[in-house]
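Heads up: the structure comes next, in structure tokens.
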Amino acid sequence: MSDQPSSAPTRPVVTRIAPSPTGDPHVGTAYIGLFNYTLAQQAGGKFILRIEDTDRNRLVPDSEKRIFTMMQWLGLTPDESPLQGGPNGPYRQSERFDLYGDYARQLVASGAAYYAFETAEELTALRDAAQAEGHVIAVPSRELDAQDAQQRMDAGAEAVIRLKVPHDGETLVSDVLRKPIAFQNREIDDKVLLKADGYPTYHLANVVDDRLMGVTHVVRAEEWITSTPIHVLLYRAFGWPEPVFAHMPLLRNADKSKISKRKNPTSVEWYQQQGYLPEAMLNFLATMGWTHPDGLEVFGLAEFQRVFRLEDVTLGGPVFDLAKLNWLNGKYLREVLSEDDVARRLHAYLQSQKHELPLDDYFRAVVKMLTPRIEVFSEFLDKTGYFWTEDYPVNEKAHKAIDDARLLLPELASRLKNLPTFDAASIKEAFGTFAEEQGLKLGKVMPPVRAAVAGTMESPDLLSVLETLGRERVVARIERAARPA
RNA sequence: GCUCCCAUCGUCCAACGGUCAGGGCAACUGAUUUUCACUCAGAAGACGUCAGUUCAAUUCUGACUGGGAGUACCA
């Protein structure tokens, strides 16, 4: 009754992510979400967001909402979730509380699980001893007479329910991405299914909910591989068919360890605040463990959906390389989004960061000049200070450039002041004739102007900068720089 | 310790028995330019080791080594 899951093509695909609301919305959740969303989308199925909040101790109140917001930001909005509801709700495990006890007791009744009365201290001792001898913990309560155990329960004893894992044989885990994985049952300990507080553990809740919600494909991180035999055993104990399993590689730090807060920004909110584009983020995540068959580096969700195949995922743990993400984000700014999109989205970003700049032609002109010079939005203000204030910093190199050419400045200012039209072409001509008259190269004339006007030697094309700033500001700045310090 | 997973340039991937082992990012060198970028061009850079199978192994098998994950009344 519980043989192969072998993906029957007619079965509707239902996928899910089941994060626990214990902190910041994690990039790993987004990563796994991308694949689950895509798989469901490809098959015209459903993608569910279920909140696994069975650990009351680690619960972070607004975490659930932030996870949902992250998924929306990325464009991976689930079909069903605690915030939207759906036919399979509730989608918060804490709200399904009663369910798990019933199912756990059903297993006790059928002999597939048992009440266990060991205290935390006893377990620690047992575990230490077991490890010293190189085998898995044996829980004494397993040997208790079922009748006696039930009596103790009726008398109000505190207990957990544990899975009675067979002593012999092996449990085979099928995984779309690798060969069948064999676990010796003697190596699997009797996992707790229902905690003393009545809440289920992940193992129980996960299997029960996946079953009840009709989940057909369990695509999750590799860290779950070793607990999958427990899940398989549970499906069998309940007499339910297994879903299709696929364990994705873990995102890694540069040192190859599992990606962590200490060594990488792991909160998707951080990327949002830095001004990364969700489409770049998604594109980047898609290339972790997978590449486009035609070698495309830049592609969107729709294209990903068109060509992605689970079987093509590679299993080496991909290092999360911020440099590549940065490049990709810059690529989107320069080549994928239109000028207008960039301006509008940058403006929205700045607003979200509490910087009020008008979305006008001036702003658009600055954005256009800066687009090839930034990779993420957070760099924008740092590089454009002199466009927004007269009180911009002047760095050392700029000071020097001004000092070296201070005598030229007054004349330059006056010529610019008297130009019939103040546009890039006229300014260029003015510089040209001035340089010629002075017997100087343009390379002697333009740097001090740049320094005066921007306070830095690194800026967009000077002529465009001048035209954008406008005659008034430019002349004033050059005159100000001309005055000895 | 035990169990399990993984293994191509620094990094992300391609090549799925026969190729000078290919591309992207990063780093490097040039070109262009009024600076910085962008862009373009170029060079550099890898099959972990040892067996076995085969006419032929990066590719298949095994061992080893290395890396990773799990080992909770956390998920």
Exercise. Can you tell me the FRET efficiency between residue A:314 and residue A:172 if r is taken as the Cβ-Cβ distance and R0 is 25 Å, rounded to the nearest 0.05?
Key: 0.60
Exercise. With a ≥ b ≥ c taken as the square roots of the eigenvalues of the C-alpha gyration tensor of the range A:386-482, please select rounded if a/c is under 1.5 and otherwise prolate if a/b is larger than b/c or oblate if it is not?
Key: oblate
Quiz item: Between the DSSP loop rule and a limit of at most 14 other Cβ atoms within 10 Å, which GluC sites (Glu not before Pro) in the range A:113-178 are left?
Solution: A:133, A:158
Quiz item: Based on DSSP, what percent of beta bridges with both residues in chain A are antiparallel, to the nearest 5?
Solution: 55 percent
Practice problem: With label points built 7 Å along Cα→Cβ from the Cα atoms of residue A:273 and residue A:130, find their separation and express it in nm. | Solution: 4.2 nm
Quiz item: Between residue A:404 and residue A:258, what is the spin-label point distance in nm, taking each point 7 Å from the Cα along the Cα→C-beta axis?
Solution: 5.6 nm
Exercise. Check cross-link reach from residue A:354 to the lysines: straight Cα distance under 29 Å, and skip same-chain residues fewer than eight apart.
Key: A:65, A:261, A:263, A:324, A:331, A:368, A:383
Exercise. Determine the relative contact order of the range A:386-482: mean sequence separation of Cα pairs under 8 Å and six or more apart, normalised by residue count, in whole percent.
Key: 44 percent
Quiz item: HN-Hα J couplings of the range A:162-176 from phi, Karplus 6.51/-1.76/1.60, θ = phi - 60°, integer Hz, Gly and Pro as x?
Solution: 10, 6, 8, 6, x, 6, 10, x, 9, 10, 9, 9, 8, 9, 4
Quiz item: Of A:224, A:196, A:254, which is farthest on the positive side of the dipole of the range A:167-297, counting Cα position, with +1 on Lys and Arg Cβ, -1 on Asp and Glu Cβ, and the Cα centre as origin?
Solution: A:254
Quiz item: Remind me, what semi-axes does chain A give for its equivalent ellipsoid, largest first in whole Å, using sqrt of 5 times each Cα gyration tensor eigenvalue?
Solution: 64, 22, 19
Quiz item: Simple spin-label model, 7 Å along Cα-to-Cβ: residue A:353 to residue A:334 in nm?
Solution: 2.0 nm
Practice problem: Collect residues whose amide H, placed 1.01 Å from N in the peptide plane, falls under 5 Å from the amide H of residue A:81; neighbours closer than 5 in sequence don't count. | Solution: A:49
Practice problem: Treat every Asp and Glu Cβ in chain A as -1 and every Lys and Arg Cβ as +1, leave all other atoms uncharged, and give the resulting dipole magnitude about the Cα centre to the nearest 20 debye. | Solution: 1140 debye
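We did not get these values from a lab; they are worked out from the coordinates using the rules stated. As the structure is a prediction and not an experimental result, all values here were calculated from the model. As a convention, Cβ positions derive from the backbone with ideal geometry for all residues, glycine included, and neighbour counts pool all protein chains shown.
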